[in-house]
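Asker: One structure follows; several queries about it will come next.
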Amino acid sequence: MTIKKDVQNQFGQNAENYVTSKIHKDGKDLTKLVEIAATTGNEKALDVATGGGHTANALAPLVRHVVAFDLTQKMLDAAKRFIQRNGHNNVEFVKGDAEDMSFDDGDFDIVTCRIAPHHFPNIKKFISEVHRVLKPGGQFLLDDNVVPEDDDYDYFYNTIEKRRDYSHFRAWKKTEWLTMLERQGFEIQEWHRFEKTFIFDSWCQRMNLSEKEQYDLNEFIIKSTDKIQQKFNIIIDGGKVKSFQGEAILLKAIKTGV
């Protein structure tokens with residue numbers, strides 16, 4: 001429960017920052033997510049951990065109904081303002097836990113979750129819940145930051161994310177995602193990899209880090225090994241981190257069976 005309270009605290013304080021965040025608002029991964037979703041206009045979609053509402057907003061013109069679902073009420077309120085300003089009236093806003101959803105079995109044709117699962121402490125329970133609420137043949141569109149397979153890279157990336165945002169739980173490896181989804185009964189139909197450039201200052205400011213916290217994080221990154229700095233394309237100028245590069249995957253998984 002501690003990590004979930006941390007999520008509510010962090011995102012409650014920074015809700016509007018996520019509505020306006022360039023990575024969340026304008027990412028090419030969002031364009032691709034909409035492109036690979038098979039829609040006819042009759043679907044009922046669920047956007048889990050909707051955050052600023054960007055995915056729900058993008059889906060709204062393409063489906064019959066969208067449920068924007070989030071653990072944090074202030075995020076839902078911010079998402080609602082954003083989506084309704086865009087003229088979408090087919091979006092419902094529901095507060096709840098991604099690992100214990102308040103929906104019936106087989107209730108949705110599409111479930112999306114974008115740039116959020118790294119906050120979930122019980123990722124297998126989340127995957128199980130997605131599988132449960134989807135209809136047979138339903139689509140799960142997952143989009144999240146991932147770590148390379150090398151354990152040193154894994155440790156570095158998850159460490160800096162946790163130091164920036166105490167509500168971060170874990171970014172998973174690509175192989176871990178594929179294994180967990182297939183074991184749950186999903187068939188991976190399509191997946192894409194994206195490189196993501198993080199501008200250090202805005203990345204820190206989105207979480208309202210203090211000057212001391214930013215300084216300490218900067219020092220940790222610039223003291224990393226050459227191997228780490230090359231892998232994450234860390235740009236340093238005058239002892240200050242300017243940017244670094246991470247990666248994300250977007251995949252489309254289909255619920256098999258009945």
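The values are calculated or read from the model by the stated rules, or taken from the named source; none is laboratory data. It should be emphasised that the depicted structure is a prediction, and the values quoted were computed from it without experimental measurement. Methodologically, a virtual Cβ is constructed for each residue, glycine included, from the backbone with ideal geometry; neighbour enumeration extends over all protein chains shown.
Asker: Residues Lys252, Lys196, Lys242: which one is at pLDDT 95 or above, surrounded by 15 or more Cβ atoms within 10 Å (Cβ to Cβ) and not aromatic (Phe, Trp, Tyr)?
Answerer: Lys252
Asker: On the given criteria, is Thr179 among the β-branched types (Val, Ile, Thr), at negative phi and part of a strand (DSSP E or B)?
Answerer: no
Asker: If you don't mind, another one. Take Ala58 and tell me if it is outside any strand (DSSP E or B), surrounded by fewer than 24 Cβ atoms within 10 Å (Cβ to Cβ) and in contact with a helix residue (DSSP H, G or I) (Cβ under 7 Å, 6 or more places away or on another chain).
Answerer: Criteria met by Ala58.
Asker: Restrict the check to region 148-165 and report whether at least one residue is surrounded by fewer than 20 Cβ atoms within 10 Å (Cβ to Cβ), at pLDDT below 95 and not in a helix (DSSP H, G or I).
Answerer: no
Asker: Give the residue, chosen from Lys231, Lys223, that is exposed (fewer than 12 other Cβ atoms within 10 Å of the Cβ) and modelled with pLDDT of 95 or more.
Answerer: The unique qualifying residue is Lys223.
Asker: Continuing with the same structure: Kindly provide the set of residues from region 57-70 that are touching a strand residue (DSSP E or B) at 6+ places or on another chain (Cβ under 6 Å) and under 16 Å from Val130 (Cβ atoms), ordered by number.
Answerer: Within region 57-70, Leu59, Val66, Val67, Ala68, Phe69 meet the criteria.
Asker: Let me ask something else. So the check is Cβ under 8 Å with 6+ separation or different chains; which pairs have a first residue in region 156-184 that's over 23 Å from Ile234 (Cβ atoms) and a second one that's of a type in the set (Lys, Arg) and surrounded by fewer than 17 Cβ atoms within 10 Å (Cβ to Cβ)?
Answerer: Filtered contacts from region 156-184: Met180/Lys124; Gln184/Lys124.
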